[in-house]
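The values are calculated or read from the model by the stated rules, or taken from the named source; none is laboratory data. As the structure is a computational prediction, the values presented were derived from the model and not from experiment. Here Cβ is always computed from backbone atoms with ideal geometry, including for glycine, and neighbour counts include all displayed protein chains.
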Amino acid sequence: MRILVTGAAGFIGSHLAERLLSAGHEVVGLDNFNDFYDPDIKRKNIEKALSDWGYTLVKGDILDGDLLDKVFDDAFDAVVHLAAWAGVRPSIERPDVYQKVNIEGTLNLLERCKLGKIPRFVFASSSSVYGGRRDVPFKESDDVTRPISPYAATKAAGEALCYTYHHLFGLNVHALRFFTVYGPRQRPEMAIHRFAVNMLRHEPITVFGDGQSARDYTYIDDIVDGLVASVERCSGFEVINLGGSKTTTLKQLVELLGRRLKTTALINWMDDQPGDVPITFADVEKAKKILGYAPKVNIQEGIDRFCAWLIDNRQEEDWDEPVTMPSLLPR
């Protein structure tokens, strides 16, 4: 297959591109290398893909209609749309940017899929669409009409647009709700990455709330398994959870990192942040049925793999050898 991957230089996109290439597919990667985080990290992410004959990189923006027209001059068998402005807290500060990129950008791609008669569209949604609900596990049939951050609202809107294009034009769509993806190449501002770096530098980490908020952390390899299966099986319109289907509290996460890194976190406790949700927990029965999805990497193994990658890829000036520090857990 010939597959367009947007956000191809990012954390998930770069892993997906490599997996698709290893399976013999042709991949066109589209990314604008914006400065949400260091673009050099994104360039490093795609070094392996760039060495593959089946990979073509296009530097550009999903808001650039002229560029998209050129990209879609050649037919695709599928589009995997990962490009977005991510993160709950930044979306509260810059909702206009999130609306423009996440909603208008998605619409631009859907319109070109319609015009080019692209048969399959896989959309990266988010567990954040479930809002502040506490009834777990989260099922795809749950009400998602009350998102509590602009980011979540844009992802719910993206799902709605996808359904519209399926209904009107017969576009096959899978909207995949990702649950807190982590692993090698994870974005540097995300909690696991940020905590680990600070702990290795012997610097405090900032924890919002009392440490009892819980997340369904999902290892990158499991997410890519679900994405590849979705590309292969995309039919009709489906909303599908991709998660680990287990929860880990923030306190447990910090302790897991400390054990692996042989240090103990110095914690700056802060009040809960607006837009944060108390818990996420994926019901993955639908993913199992439609995609054959079965998450394999538990949180302990995943943290071990992530920390090994982080240490192997550290810059010498970033931190010294870990030392044990006094614990401020529990609060």
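Can you tell me which residue among Leu329, Leu266, Leu256 is surrounded by 13 or more Cβ atoms within 10 Å (Cβ to Cβ) and either modelled with pLDDT of 95 or more or of a type in the set (Ser, Thr, Tyr) (or both)? Before the answer, list the steps.
Numbers: Leu329 fails: either modelled with pLDDT of 95 or more or of a type in the set (Ser, Thr, Tyr) (or both); Leu266 fails: either modelled with pLDDT of 95 or more or of a type in the set (Ser, Thr, Tyr) (or both).
Residue meeting the stated conditions: Leu256.
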Can you pull out every residue in the range 40-56 that is in contact (Cβ under 8 Å) with a residue 12 or more places away in the chain and over 12 Å from Ala17 (Cα atoms)? Ile41, Lys42, Arg43
Note on the range 204-243: residues surrounded by fewer than 22 Cβ atoms within 10 Å (Cβ to Cβ), among the hydroxyl-bearing types (Ser, Thr, Tyr) and under 16 Å from Phe121 (Cα atoms) are Ser235
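If you check Lys114, Lys155, which single one turns out to be among the basic types (Lys, Arg), in a helix (DSSP H, G or I), out of contact with any Lys or Arg (no Cβ under 7 Å at 6 or more places or on another chain) and over 29 Å from Gln273 (Cα atoms)? Give the steps one after another, and end with the answer.
Values: Lys155 fails: over 29 Å from Gln273 (Cα atoms).
Checking each option against the conditions leaves just Lys114.
Kindly provide the set of residues from the range 117-152 that are in a loop (DSSP other than H, G, I, E, B) and within 15 Å of Ser91 (Cα to Cα), ordered by number. Give the steps one after another, and end with the answer.
Applying the first criterion (in a loop (DSSP other than H, G, I, E, B)) to the range 117-152 yields 117-119, 131-137, 139-149.
Residues satisfying the conditions are Gly131, Pro147, Ile148, Ser149.
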If we keep only residues of the range 158-183 that are buried (at least 16 other Cβ atoms within 10 Å of the Cβ) and touching a Lys or Arg at 6+ places or on another chain (Cβ under 7 Å), then the residue nearest to Asp40 (Cα to Cα) is Gly183
Kindly list, by first and then second residue, each pair from a residue in the range 205-234 that is under 14 Å from Val284 (Cα atoms) to a residue that is at pLDDT below 95 and part of a strand (DSSP E or B), limited to pairs with Cβ atoms under 9 Å and residues at least 6 apart or on different chains. Asp216/Ile279
What number goes with the only condition from (1) at pLDDT below 95; (2) assigned to a helix (DSSP H, G or I); (3) of a type in the set (Val, Ile, Thr) that Val277 does not pass? (2)
Look through the range 129-144, keep the residues that are modelled with pLDDT under 95 and of a type outside the set (A, V, I, L, M, F, W, C), and return whichever of them is surrounded by the fewest Cβ atoms within 10 Å (Cβ to Cβ). Arg134
